[in-house]
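This report refers to the structure that appears directly beneath it.
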Amino acid sequence: MAEENQIENKPAGETFLPPEPVDIFLLARLGVTFIFVVITALIAQPYLASVTWALVLAVVFIGPHRWIESRLGPGAGAAVSVFLIAAIVVAPFFFVSQRLINEALTGVDYVQSSLADGKWGSFVDAHPWFKWIGDQIDLRALAGRLGEFVTNMGGVLLRQSTSQAITVLLAFYMLFFFLRDRSAGIAALVRLSPFSDMETGKLIVRTRDTIHAMIYGTLAVAALQGVLGGLMFWWLAFPSPIFWGIVMGVLSIIPVLGSFVVWIPATIYLAIEDRWAEAVTLGLWGGVVIASADNFVRPLLVGETLRLHTAPAFIAMLGGLQLFGPTGLILGPIAFTTTTLMLEFWRRRADPDLQSR
C-alpha cells in the first residue's frame, strides 16, 4: 500500500519506471572476458619489450619502408627493411659497447701494472691526501678486487647481453610482421576497440605522434649531449674528442646508462694527473650543463609535441622507466597521452554540447 500511495502521490506527467533488473549473464560474460584478458596480458608480459621496440621501429621507419615496399612487394620489402633497420640501429650500439669494455679492461690493467711496478710511489708522495688514503686502504688489494669486479661484471654483462640479444631478435622478428601486415593489424585494432572508429583512429594517431616525439626528442638530446661533451673534451685536449662525443651521444640514448659513463672517469683521470682546474671544469660541465640537457631539455621538447606540460611529461618518462624498465621511456608517455585522450572521449559523450564541436 505504501508503494501504491507513493505512485499516486507523484506529480502529474511523471511516469514511474521500475528499476531495471541486473543482467547476471552480462556480468558473467564481462567477468570471464576480464579474466581472459588478464591471462593474455600475463602471457604476453615477458615479450612486452620486444613488442614495444618492434612497434617503435615500425613507426619510425614506416616512410622508407613504404618506398621499399612499392618496389619489392610486401614480403620482400619487409625483409629488406628489417635487415637495413638492424644494420642502422644495432651496429652503433655494438661498436660502442665493445669499445667501452675494451677501454675499461685496459684501464684496469694499467692501474694494476702501475701498482705492481711502483710507478705510483712518486704520485702518492706528492699528494698527501692520496697518501693518507693509501695508508687507510691497501691499494694493491683494491686494484685486484677492482679487476675481479670488472671481470665479474663482464660475465654479468655477457649473460644480460644474451637475454637482450633474444629480446632484440624477437623484436626484429615481430617487426617483419608489423611492416608486412600493418594494414590488417590496424583493421583488427579498429574492429576490437570498444571506442568508435573515429575515436580509435585518434588513439592510433596519438600513439604514433607520441612515439615520434619520444624518439626524435631523445635523438635531439643525444646529439646535444654528444656535441657538448665533444667540445669540452676538445677544449681540454683529450685525444679523439669527436669519437668520445659520439660515444657520449650514443650512451645518452640508453636509459640505464648515459654520458656520465665517459665524463666521470675522465674527471677522475684529470684529478689523478693533478690537473685540478680542468677536473673541476669537466665535472661542473658534465654535472650541470650536460646533465641538464637530459633532465630539462628532453621534457621541454617532448612535452610540447605531446601537448603535455613539462612536469607531467617528466613524470611520464621517469614513472615509465620505473614501472616498465627501459621500454617505459616509450610506454610511460603513451599511457599518459592516450589516457588524457580517452578521458576527453568520455567527457564529450557526457556533454552533448561538446559532441557537436
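We did not get these values from a lab; they are worked out from the coordinates using the rules stated. These numbers come from a predicted model, not from an experiment. Methodologically, a virtual Cβ is constructed for each residue, glycine included, from the backbone with ideal geometry; neighbour enumeration extends over all protein chains shown.
One way to sum up the overall shape of segment 193-348 is the equivalent ellipsoid from its Cα gyration tensor, whose semi-axes run 39, 13, 12 Å, largest first.
Size check on segment 30-86: the Cα extents along the three principal axes, sorted descending, read 48, 20, 16 Å. Phi-derived couplings, Karplus 6.51 cos²θ - 1.76 cosθ + 1.60 at θ = phi - 60°, listed residue by residue for segment 191-201: 5, 8, 5, x, 8, 5, 4, 5, 5, 4, x Hz, with x used for Gly and Pro. Modelled spin labels at R66 and A79, positioned 7 Å past Cα toward Cβ, are 2.5 nm from each other.
If each residue's Cβ is checked for other Cβ atoms within 10 Å, how do F178, F95, F36 rank with the fewest at the top? Let's see the in-between values first.
On the way: F178 21, F95 13, F36 10.
In order of increasing Cβ crowding within 10 Å: F36, F95, F178.
With a Förster radius of 30 Å, plug the Cβ-Cβ distance of R349 and I43 into 1/(1 + (r/R0)^6) and report the FRET value to the nearest 0.05. Calculated value: 0.40.
How would R348, R298, R180 line up from fewest to most surrounding beta-carbon atoms within 10 angstrom?
Working: R348 15, R298 25, R180 21.
Listed from fewest to most nearby Cβ atoms, that is R348, R180, R298.
Among M248, M198, M342, sorting on how many other beta-carbon atoms sit within 10 Å of each Cβ, with the fewest leading, yields M198, M342, M248. For segment 240-251, putting each phi into the Karplus relation 6.51 cos²θ - 1.76 cosθ + 1.60 with θ = phi - 60° gives couplings of 6, x, 5, 4, 5, x, 5, 4, 5, x, 5, 5 Hz, in residue order, rounded to whole numbers and with x for Gly and Pro.
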